[in-house]
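See structure below.
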Amino acid sequence: MKIQETNAFGVLQVVGTPIGNLADMSPRASEAMQKADLIACEDTRRTGQLLRLLGLKTPRMVSCYKENEGSRMAQIVAEIGAGKRVVLVSDGGMPGISDPGAKVVAAVRAAGLRVEVIPGPSAVATAVAGSGFDGGFVFAGFPERKDKALRAQLAAMAAEERTLVFYESPQRVEDTVAVALDVWGNRPAWLARELTKLHEEWMGPDLASILVEIKARGGVKGECVLVVAGGQGVVAEGLEDAAIVARLKAGDSVKTVAGWVADVEGVSKSEAYTRVQALKDGLK
């Protein structure tokens, strides 16, 4: 197979940028941005701020975000075809990984032009590395937003043996963890929050513990990555009383919580009801 390079000088450089810690910017990435004729970025203001913090000159910049990526492709291809160095960055992390960029890369490759990747920080890789789960992983991006669609999505992934990785917003993460617990049971899991930043935090070691902690705080702030062990028959021990109490305090009825306990632990509804009612009585 022959790989054609239409112009030996024009190139698209896909550059990874820090996800929270400026020190994670590599010398190679800084050099690429310094030498760029054009930077295509998700947000020109944020990229301009990054350049200033790095002490780099500001070249021409154009926005390239989800809604306009398709219309930017022709311009970027033309620039590279004319021998220009174009750097593609997102607001943080690797372009094309739950960020804009994949369409641009595909268009440049289709035109027979050069593409270089300058690797950098990635929330996916960072979260998986910190989870202690091995055997490969599946990155699913952001999960479905509506409850019915989310349940269907997670049910379809129930037999997946590899580690499952999701991005999630702080506003939705509690609901997502609760649904995951309902659908999959209490699997080993970690929620990584604010990775590489000053207040980086890990919650775990299982879905029930994560849910309890989020409820106890009344929610969390910052970008989140949820890492859940695959469906290998490895399930954390039965639900802790604290997980059940957290749902009761959140306003769920004894009947609702008992149904959940029965599903997760595989016990009869009457047995689960007796346990939940006892915990409810203990709150009085």
Go through 239, 198, 248 for me and flag whichever is within 30 Å of the chain's Cα centre (by Cα), among the aliphatic types (A, V, I, L, M) and modelled with pLDDT of 90 or more.
198
Could you say whether any residue in region 251-273 is among the hydroxyl-bearing types (Ser, Thr, Tyr) and in contact with a helix residue (DSSP H, G or I) (Cβ under 6 Å, 6 or more places away or on another chain)?
yes
It is to be established whether one or more residues within region 244-264 are within 14 Å of residue 185 (Cα to Cα) and either without any contact (Cβ under 8 Å) to a residue 12 or more places away in the chain or not in a helix (DSSP H, G or I) (or both).
yes
Looking at region 265-284, which of its residues are free of Cβ contacts under 8 Å to residues at least 12 places away in the same chain, among the basic types (Lys, Arg) and closer than 19 Å to residue 185 by Cβ?
269
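Select, from 104, 177, the only residue that is farther than 29 Å from residue 28 by Cβ and either more than 14 Å from the chain's Cα centre (by Cα) or not assigned by TED's automatic domain parsing to the domain that holds residue 50 (or both).
177
Do the conditions hold for residue 144, that is, is it touching a residue at least 12 places away in the same chain (Cβ under 8 Å), under 14 Å from the mean Cα position of the chain (by Cα) and outside the structural domain of residue 19 (by TED's automatic domain parsing)? I'd like the intermediate steps shown before the answer.
Values: touching a residue at least 12 places away in the same chain (Cβ under 8 Å): no; under 14 Å from the mean Cα position of the chain (by Cα): yes; outside the structural domain of residue 19 (by TED's automatic domain parsing): yes.
So residue 144 fails the test.
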When you look at residue 44, is it surrounded by fewer than 21 Cβ atoms within 10 Å (Cβ to Cβ), at pLDDT below 95 and of a type in the set (Val, Ile, Thr), yes or no?
no
Which condition from (1) free of Cβ contacts under 8 Å to residues at least 24 places away in the same chain; (2) surrounded by 13 or more Cβ atoms within 10 Å (Cβ to Cβ); (3) within 18 Å of residue 167 (Cα to Cα) is the one that residue 129 breaks?
(2)
In region 150-177, what residues are under 25 Å from residue 213 (Cα atoms) and exposed (fewer than 14 other Cβ atoms within 10 Å of the Cβ)?
155, 158, 169, 171
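Taking the conditions exactly as written (aliphatic (A, V, I, L, M), crowded, with 20+ Cβ neighbours inside 10 Å, free of Cβ contacts under 8 Å to residues at least 40 places away in the same chain and assigned by TED's automatic domain parsing to the domain that holds residue 163), does residue 211 satisfy them or not?
On the way: aliphatic (A, V, I, L, M): yes; crowded, with 20+ Cβ neighbours inside 10 Å: yes; free of Cβ contacts under 8 Å to residues at least 40 places away in the same chain: yes; assigned by TED's automatic domain parsing to the domain that holds residue 163: yes.
Against the criterion (aliphatic (A, V, I, L, M), crowded, with 20+ Cβ neighbours inside 10 Å, free of Cβ contacts under 8 Å to residues at least 40 places away in the same chain and assigned by TED's automatic domain parsing to the domain that holds residue 163), residue 211 qualifies.
Results for (1) more than 18 Å from residue 37 (Cβ to Cβ); (2) in the same structural domain as residue 33 (by TED's automatic domain parsing); (3) not in a loop (DSSP other than H, G, I, E, B), shown as yes or no for each residue.
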| site | (1), (2), (3) |
| --- | --- |
| 77 | no, yes, yes |
| 108 | no, yes, yes |
| 115 | no, yes, yes |
| 128 | yes, no, yes |
| 135 | yes, no, no |
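If we scan region 47-62, do we find a residue that is touching a Lys or Arg at 6+ places or on another chain (Cβ under 7 Å), surrounded by 15 or more Cβ atoms within 10 Å (Cβ to Cβ) and either basic (Lys, Arg) or not in a loop (DSSP other than H, G, I, E, B) (or both)? If you could, list the steps in order and put the result at the bottom.
Quick first cut of region 47-62, residues touching a Lys or Arg at 6+ places or on another chain (Cβ under 7 Å) only: 62.
Keeping just the survivors that are surrounded by 15 or more Cβ atoms within 10 Å (Cβ to Cβ) gives 62.
Those still in the list that are either basic (Lys, Arg) or not in a loop (DSSP other than H, G, I, E, B) (or both) too: 62.
For region 47-62, residues touching a Lys or Arg at 6+ places or on another chain (Cβ under 7 Å), surrounded by 15 or more Cβ atoms within 10 Å (Cβ to Cβ) and either basic (Lys, Arg) or not in a loop (DSSP other than H, G, I, E, B) (or both): present.
The values are calculated or read from the model by the stated rules, or taken from the named source; none is laboratory data. This one's a predicted model, so the numbers in the text were calculated from it and none came from an experiment. Glycine also receives a Cβ, built like all others from the backbone with ideal geometry; neighbour counts cover every protein chain displayed.
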